[in-house]
Each structure stands twice: as structure tokens, then as C-alpha cells.
Amino acid sequence: LPVFCETCPHYLWLTEDKFEPKFPRGIMYMCSPPLRKQEDIEALWNGIKVGTVQTIGSDHCAFTKKQKEDHCATFMDIPNGFPGCEARVPIIFSEGVLKRGLSLQRFVEVISTNAAKIFGFYPKKGVIAPGSDADIVILDPDKRHSLNAADLHMGTDLSVFEGMEVAGGWPVMTILRGRVIVEDEKFVGRLGEGEFVKGKLDDATMATV
């Protein structure tokens, strides 16, 4: 069977020092697998560059601080995971493209194209081409942005990136099938515009990942 490797933004930026007892927010960082060391972060980035890591997801779980705190008596009870979908693309651009020289082509592959191929949505999704859905996210490569919970739109007061910011790559426009639905962080689309897309696995397509 084909096997693919995925990682997430928190594994590419945060380290296990967040769990230190002196750090009162340690319970907020409970996830599986746990955060690792800086050397592991660099190994993952190398894997992304050379192709042994094919996709970057978010593993988004929109828990609140209270939900974490209310169940923190033991390690086994803490809700596992945290929100991250909104920060995924700009973190990869900031930490990958700007900081580590990840090519724009590889950036697009790991945040979009490869996932579309693996899950059987390609070429309807994951590519800009005649006949494909005009799904496009436009980034400002120079736009810095806070990652504090109060400055995000994930419906929770928890951000594991609190106090941090991206150096660039913040989305300024999102286009769904040719229609602008988000502009300058404001939703301008219509409720109900989403469509169910059924995936169809294709060995030949997956072989190109």
C-alpha cells in the first residue's frame, strides 16, 4: 500500500520546553505525538525539502482554555490537541519559505497539491488549471500578523502560538470556485456555498506525490 508522511505546523515551530513545570500554560500543549526538540524540527523541515514528508495538515481541535483546565487533573484526562487551521499556511510560509528557503513550488505542494492528490480530489482541487475549481488563496509575503487568540478567527480563546507572529505570508484573499469569500480577514461569501467533493483514489495520481 502507498504510505505518505504528514506533519503539522506546531511540530515545525514549537519545542518540548512548553511543557516545563515553570510554564503555567503547559497543559495547553497536550497533543499526540508530543512536541519534540529543535533538532527534530530541523529534521522535519529537511524531510519537507527532500520529499520524505509529503503534506502539512493542521490537526485542528478547537478546545478552549477552560476545557483544558477543567480536565487537567491527570495526563490522561487533558483534551488532546488544539486549534491551528488558521495559522497553518502563514506559518509554513514564514518558517519555511522566508526563514529556510523552501521553494514556492514545494510550499504549494505540501500545503495543497499533494493532499488533493492523496485524497483523490486532484485535478478538481489542488491546482490552478482550465477545468479545475478556481480555489485560490492570495498571500501577502510581507504582511506580519499576530498569532494571539484575540487576533485570530478560530472561535476559541486558546492559541498555542500566543505571543508569536508570522514574518509574512498572511492570507489577504480567499477565492472559492471563482468567487471571493474572504477579503482582508472579513467573510464576504454566502452561507451554503460549500459543496461536497467525493474523493476517488487513483494510483497513478498518488504516484506523482
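The values are calculated or read from the model by the stated rules, or taken from the named source; none is laboratory data. Bear in mind the structure is a predicted one, so any value in this text is a computation, not a measurement. Note that we place each Cβ from the backbone using ideal geometry, even for glycine, and neighbour counts take in every protein chain shown. Just so you know, the surface numbers come from the protein's heavy atoms only, side chains and all, with ligands and any DNA or RNA stripped out. Shrake-Rupley method; radii C 1.70, N 1.55, O 1.52, S 1.80 Å.
Would you say G189 is open to solvent by less than 60 Å² (accessible area, probe 1.4 Å), at positive phi and at pLDDT 95 or above? Spelling it out, it is not the case that G189 is open to solvent by less than 60 Å² (accessible area, probe 1.4 Å), at positive phi and at pLDDT 95 or above. Under the condition of being open to solvent by 40 Å² or more (accessible area, probe 1.4 Å) and either more than 27 Å from S103 (Cα to Cα) or in a strand (DSSP E or B) (or both), the residues counted in region 154-170 number 5. In the condition set (1) open to solvent by 40 Å² or more (accessible area, probe 1.4 Å); (2) at pLDDT below 95, V197 is compliant with all but (1). For region 111-125, the set of residues classified as in a loop (DSSP other than H, G, I, E, B) and surrounded by 23 or more Cβ atoms within 10 Å (Cβ to Cβ) consists of Y122 only.
Among the residues of region 176-189, write down those that are touching a strand residue (DSSP E or B) at 6+ places or on another chain (Cβ under 9 Å) and either free of Cβ contacts under 8 Å to residues at least 24 places away in the same chain or β-branched (V, I, T) (or both). Before you say what the answer is, go through the steps one by one.
Our first condition is that a residue be touching a strand residue (DSSP E or B) at 6+ places or on another chain (Cβ under 9 Å); within region 176-189, this holds for 176, 178, 180-185, 187-189.
Scanning region 176-189 gives V180, I181, V182, E183, D184, F187, V188, G189.
Looking only at region 200-209, filter to residues that are out of contact with any Gly (no Cβ under 8 Å at 6 or more places or on another chain) and among the β-branched types (V, I, T); which one of those is surrounded by the most Cβ atoms within 10 Å (Cβ to Cβ)? Within region 200-209, the match that is surrounded by the most Cβ atoms within 10 Å (Cβ to Cβ) is V209.
Answer with yes or no whether L98 is out of contact with any helix residue (DSSP H, G or I) (no Cβ under 9 Å at 6 or more places or on another chain), outside any loop (DSSP other than H, G, I, E, B) and surrounded by fewer than 20 Cβ atoms within 10 Å (Cβ to Cβ). So L98 passes the test. All conditions but one from (1) open to solvent by less than 40 Å² (accessible area, probe 1.4 Å); (2) within 19 Å of the chain's Cα centre (by Cα); (3) touching a residue at least 24 places away in the same chain (Cβ under 8 Å) apply to M173; the one that does not is (1).
Being assigned to a loop (DSSP other than H, G, I, E, B) and open to solvent by 10 Å² or more (accessible area, probe 1.4 Å): is that true of F93 here? The answer is no for F93.
Taking the condition over 18 Å from the mean Cα position of the chain (by Cα) and of a type in the set (G, A, S), does G26 pass?
Numbers: over 18 Å from the mean Cα position of the chain (by Cα): yes; of a type in the set (G, A, S): yes.
Yes, satisfied.
Listed here are the residues, each with its yes/no results for (1) touching a residue at least 12 places away in the same chain (Cβ under 8 Å); (2) open to solvent by less than 30 Å² (accessible area, probe 1.4 Å); (3) touching a Pro at 6+ places or on another chain (Cβ under 7 Å); (4) among the hydrophobic types (A, V, I, L, M, F, W, C).
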residue: V108; (1), (2), (3), (4): no, no, no, yes
residue: D133; (1), (2), (3), (4): yes, yes, no, no
residue: V137; (1), (2), (3), (4): yes, no, yes, yes
residue: P141; (1), (2), (3), (4): yes, no, no, no
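Restricting region 36-60 to residues that are farther than 17 Å from T208 by Cα, among the charged types (D, E, K, R) and touching a residue at least 24 places away in the same chain (Cβ under 8 Å) leaves a set whose member that is most open to solvent (accessible area, probe 1.4 Å) is R36. Applying the criterion of being touching a residue at least 24 places away in the same chain (Cβ under 8 Å), farther than 30 Å from M206 by Cβ and among the charged types (D, E, K, R) to the residues of region 4-35, the residue that is surrounded by the fewest Cβ atoms within 10 Å (Cβ to Cβ) is R25.
Out of D77, D59, D70, report the one residue that is out of contact with any Leu (no Cβ under 8 Å at 6 or more places or on another chain), at pLDDT below 95 and either closer than 30 Å to L201 by Cα or of a type in the set (S, T, Y) (or both).
Working: D77 fails: either closer than 30 Å to L201 by Cα or of a type in the set (S, T, Y) (or both); D70 fails: either closer than 30 Å to L201 by Cα or of a type in the set (S, T, Y) (or both).
None of the others qualify; the one that does is D59.
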